[in-house]
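Input: a single structure, listed below in structure tokens.
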Amino acid sequence: MYQLLGITKVEFKTIEQVLLEAIHPDDMLQLYQAKEEALLQGKKVDVEHRIVRPDNSIRFVHTIGEVSFDKERNPVLFSGTMQDITKRKQEELQMQQLNADLEKRAEELKASNTELEHFAYVASHDLQEPLRMVTSFLALLKKRHQNEFDETSEKFIQFAVDGAERMKGLIQDLLKYSRVGSANEPFTSVDLNTVISDIRQVYAQALTENAGVLMAGNLPVVSGHKVQLYQLFQNLVGNALKYHSAKCPIIEIGCSEKEEEWEFSVKDNGMGIDPRYFDKIFIIFQRLHNKNEYTGTGIGLAICKKIVERHDGRIWVDSHSGHGSTFYFTLRKMEHDAGNTDFTG
Ligand code: ADP
């Protein structure tokens with residue numbers, strides 16, 4: 001007690017007086033109430049509070065004890081302990097502060113994300129109108145003065161038309177991207193087998209032309225946004241077909257059950273991806289090929305990432321150049337799915 005209270009034996013008066021002097025003023029009421037309850041109702045004292053030592057340093061202590069009474073119910077003795085819990089309390093406070101800071105950061109991030117999404121939507125929406133003007137006046141110019149242009153001027157006009165076309169594609173993709181997540185429609189039960197049969201129809205012609213095969217096992221029903229889940233599989237299967245190698249494309253859609261989620265895979269035998277670019281390809285407008293080699297703007301995988309994250313999942317890729325790629329993503333399981341195991345690709 002001497003050590004705890006920071007006093008010497010000489011200074012020690014009665015315990016009550018020592019405590020009275022040491023208890024932090026803000027915790028006085030709490031202890032007074034505990035004392036009253038102990039005396040009047042015979043309750044045990046169990047309080048965490050602060051004490052102020054003579055050097056003004058503050059310690060956190062845990063005081064426990066109880067009052068013993070004689071036969072006439074007069075209090076005769078208080079016995080208990082006081083334990084220094086400053087270290088634990090400081091850690092708790094630090095943890096609370098850290099959690100509060102984290103929550104604040106998460107809120108800020110959410111707000112800035114929403115703002116960015118709104119900005120992307122407004123910017124791309126509003127850019128469409130002036131672009132339409134550029135495109136239509138270019139077309140008018142071409143039509144009216146076609147015979148007056150020499151070869152170079154004609155080339156320049158064509159460059160401008162191509163540029164405007166590309167910009168139109170980028171703006172439309174940006175709009176598509178910013179719309180993922182802005183729709184506040186509730187999640188519903190989505191049978192992924194029906195999603196895959198729709199995808200099969202969409203790519204039927206491309207599969208036939210390339211002598212390709214799309215294989216899928218039995219897939220689960222998940223809770224999600226049907227249009228977005230469709231878009232997710234469509235982008236991944238579309239890429240698997242687009243970036244095929246000299247071999248006939250073989251695409252396998254699989255699913256394995258983990259403790260709390262389903263892990264899906266879309267595997268191809270295409271050209272593969274250099275591991276150096278595994279992160280880059282999920283960033284908006286980042287491509288590994290230019291527009292003359294393969295059509296596209298580099299939005300597909302960014303949209304996939306956004307959709308998966310909106311469904312509380314993760315997406316990643318595993319591949320080696322020339323040896324095909326496998327895109328993996330996770331989706332939460334519906335509660336009644338525990339025990340369903342037979343899902344293979
Ligand atoms: P895009 O197809 O319009 O370029 P994506 O975001 O869908 O946009 O893909 C980004 C890049 O990732 C592509 O340019 C391509 O280089 C690479 N990629 C995506 N899927 C595959 C795949 N299945 N096989 C090989 N490369 C791929």
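Each value in this text was obtained by applying a stated rule to the coordinates, not by laboratory testing. In this text the structure is predicted, and so the values were computed from the model without any measurement. Positions of Cβ are generated from backbone atoms using ideal geometry, with glycine treated the same way; all protein chains shown enter the neighbour counts.
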Exercise. Return the lysines within reach of residue 226: Cα separation strictly under 20 angstrom, same-chain partners fewer than 8 residues apart disregarded; answer none if there are no such residues.
Key: 176, 305, 306, 333
Quiz item: So which aspartates and glutamates pass the test for residue 43, namely a Cα distance under 19 Å, with those fewer than 8 places away in the same chain ruled out?
Solution: 16, 27, 66, 70, 72
Exercise. Specify the angular offset, from 0 to 90 degrees and rounded to the nearest 10, of the alpha carbon long axis of helix 300-310 from the longest principal axis of the alpha carbons in the chain.
Key: 30 degrees
Quiz item: For the peptides 149-158, 226-235, what is the packing order when you average, over each peptide's residues, the other Cβ atoms within 10 Å and list the highest mean first?
Solution: 226-235, 149-158
Quiz item: Sorted by mean Cβ packing within 10 Å, highest first, what order do the peptides 93-105, 315-327, 196-208 take?
Solution: 315-327, 196-208, 93-105
Quiz prompt | Cα gyration tensor category, rounded, prolate or oblate, for the range 108-259 with a/c compared to 1.5 | solution = oblate
Quiz item: How big is the gap, in Å, between the Cα center of the range 120-191 and the Cα center of the range 15-79?
Solution: 76 Å
Exercise. Kindly identify the range 169-263 as rounded, prolate or oblate by the Cα gyration tensor criterion: order the square roots of the eigenvalues as a ≥ b ≥ c, call it rounded if a/c is under 1.5, otherwise compare a/b with b/c, prolate if a/b is larger, else oblate.
Key: oblate
